[in-house]
Amino acid sequence: EDQVTQSPEALRLQEGESSSLNCSYTVSGLRGLFWYRQDPGKGPEFLFTLYSAGEEKEKERLKATLTKKESFLHITAPKPEDSATYLCAVLKNTPLVFGKGTRLSVIA
Amino acid sequence: DAGVTQSPTHLIKTRGQQVTLRCSPKSGHDTVSWYQQALGQGPQFIFQYYEEEERQRGNFPDRFSGHQFPNYSSELNVNALLLGDSALYLCASSFRDIGDTQYFGPGTRLTVL
């Protein structure tokens with residue numbers, strides 16, 4: 001069965017304290033891995049798509065990387081506005097299979 | 001460029017009732033997927049519509065049904081509501097290729113009393 005596991009479940013950082021979120025998956029025939037940001041009560045906001053091992057993408061303070069077994073979302077010098085739940089999802093065929101997310105809190 | 005829109009924003013129903021949720025995809029997109037997200041969980045796939053037909057379905061009972069219109073908008077219908085159907089219902093749109101990125105709407109919060 002395809003599985004996506006995100007860790008940690010929750011992470012509390014001081015402003016400026018860099019860290020990484022992990023997404024491990026057991027999917028054969030991966031067609032893509034997606035990162036989304038979700039604010040409370042809102043729909044997920046697309047961040048990145050990664051298609052092959054070794055691929056990296058960056059956007060402002062966020063950088064996503066992909067290996068054959070896991071993906072990392074690195075957050076450099078986070079700010080309070082980066083506080084949200086970060087969701088990882090994998091695509092084999094349809095549908096997207098999501099992890100439960102990492103709830104990030106950045107304290108000023 | 002309008003993103004994915006959903007209506008209504010919030011909805012309160014009682015057990016046994018029926019509900020219809022609506023979704024308009026992002027401009028240029030022709031594929032609509034529906035997800036259910038319980039509190040503290042990741043979204044769970046319900047079904048996907050392409051060319052007005054259900055292309056794939058997740059592990060949800062037949063009480064959940066949908067429709068896609070010629071203008072690519074979509075509806076999600078849930079019959080005989082249960083307390084456990086309370087959740088955030090998300091619509092996502094994409095462009096026909098299965099590997100295309102899905103963009104989500106703001107969701108409809110359904111509460112079943």
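The values are calculated or read from the model by the stated rules, or taken from the named source; none is laboratory data. None of the values given here were measured: they were computed from a predicted structure. Neighbour counts run over all protein chains shown; Cβ positions are idealised from the backbone, glycine included. Only protein heavy atoms, including side chains, enter the accessible area calculation; ligands, DNA and RNA are left aside. Shrake-Rupley method; radii C 1.70, N 1.55, O 1.52, S 1.80 Å.
Quick notes
- The residues of segment A:71-89 that are away from every other protein chain (no Cβ under 14 Å) and either over 15 Å from A:L47 (Cβ atoms) or among the polar types (S, T, N, Q) (or both), listed by number, are A:S71, A:T76, A:A77, A:K79, A:P80, A:S83.
- Check on A:V4, of a type in the set (A, V, I, L, M, F, W, C) and in contact with a helix residue (DSSP H, G or I) (Cβ under 6 Å, 6 or more places away or on another chain): no
- Among the conditions (1) on the phi > 0 side of the Ramachandran plot; (2) at pLDDT 95 or above, the only one that B:F104 does not satisfy is (1).
- Wholly within segment A:1-100, strands (runs of 3 or more DSSP E) carrying at least 1 residues that are out of contact with any strand residue (DSSP E or B) (no Cβ under 7 Å at 6 or more places or on another chain): A:56-59
- Among the candidates A:K68, A:K63, A:K92, the residue that is open to solvent by 20 Å² or more (accessible area, probe 1.4 Å) and within 14 Å of chain B (Cβ to nearest Cβ) is uniquely A:K92.
- Count of segment B:55-113 residues, restricted to those that are in a loop (DSSP other than H, G, I, E, B), within 11 Å of chain A (Cβ to nearest Cβ), open to solvent by 40 Å² or more (accessible area, probe 1.4 Å) and within 15 Å of B:H10 (Cα to Cα), is 1.
- Positions within segment A:1-37 being in contact with a Leu (Cβ under 6 Å, 6 or more places away or on another chain), open to solvent by less than 50 Å² (accessible area, probe 1.4 Å) and within 22 Å of A:L50 (Cα to Cα), in sequence order: A:S19, A:L21, A:G32, A:L33, A:W35, A:Y36, A:R37
- Just one of the numbered conditions (1) modelled with pLDDT of 95 or more; (2) open to solvent by 80 Å² or more (accessible area, probe 1.4 Å) is not true of A:P40: (1).
For (1) without any contact (Cβ under 8 Å) to a residue 40 or more places away in the chain; (2) over 28 Å from B:T31 (Cα atoms), each residue gets a yes or a no:
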position	(1), (2)
A:E9	no, yes
A:S19	no, yes
A:N22	no, yes
A:F46	yes, no
A:S52	yes, no
A:K92	no, no
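- Leading residue by the ranking (nearest to the chain's Cα centre (by Cα)) among those in segment B:87-113 that are hydroxyl-bearing (S, T, Y) and within 22 Å of A:E45 (Cα to Cα): B:Y89
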